[in-house]
Amino acid sequence: MDRLTILLAALLLSGCGLAAAPCRVASAGLKVVPVVGHAAATPTDGCAAAIDP
C-alpha cells in the first residue's frame, strides 16, 4: 500500500509543469508586445513560478 501512495504522489507532483503551461504561454505572448510586454508579463511569470517552482 505504501508503494502505491508514493507512486500516486509522484504522479501528482510531476504534473505541476503541465498546470503551469497556460501561465507560461500567456507570459510568452505578452512578452512579444513592444515596450510594455515584459512589465505586463510579470503577473503571469509569478503565476507560473508559484505553480511550478
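The values are calculated or read from the model by the stated rules, or taken from the named source; none is laboratory data. Predicted model only: the values in this text are computed from it and were never measured. All Cβ positions, even for glycine, are placed from backbone atoms using ideal geometry, and neighbour counts span all protein chains on display.
Observations, loosely collected:
- Any hit, region 1-15, residues being basic (Lys, Arg) and modelled with pLDDT under 85: yes
- For ALA41, the conditions (1) of a type in the set (A, V, I, L, M, F, W, C); (2) surrounded by 10 or more Cβ atoms within 10 Å (Cβ to Cβ); (3) at pLDDT below 90 all hold with the exception of (3).
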